[in-house]
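Bear in mind these aren't lab numbers, they're just calculated from the coordinates by the rules spelled out. This is a predicted model, so every value here is computed, not measured. Cβ placement follows ideal geometry from the backbone for every residue including glycine, while neighbour counts extend to all protein chains displayed.
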Amino acid sequence: MSIPYLPLERWQRLWIVENGLLRCRQCGALLREWQARKPFIHYPGCAARGADTQYPLRDLMNLRQAINELGLPSE
Ligand SMILES: [Zn+2]
């Protein structure tokens, strides 16, 4: 049984990572992992637009680092 890490759960409600691509669950816009330094661009009218970070990959890296520091299981 893994301990839920709430900031990560929140992140995972907004974003999904597959095959090196980050995708917005709301509008399906994509960002490649090597573009982590660029702001994420949603499609017009996306419900998640403006509601959350423009740098989701950077946030994910911060979350992973926090998880490591806390010693929580990452999955
Ligand atoms: Zn979106």
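Just a few scattered comments:
- Listed residues 66, 28, 16: farthest to the positive end of the dipole of the chain (Cβ charges): 28
- Summary value for the chain: 27 percent relative contact order, contacts being C-alpha pairs under 8 angstrom separated by 6+ residues.
- Annotation: amide H of residue 15 within the under-5 Å range of 25, sequence separation 5 or more or interchain, hydrogens built in the peptide plane.
- Stretch in the chain that is longest and holds no trypsin sites (Lys or Arg not before Pro) that DSSP places in a loop and that have at most 15 other beta carbons within 10 Å: 38-75
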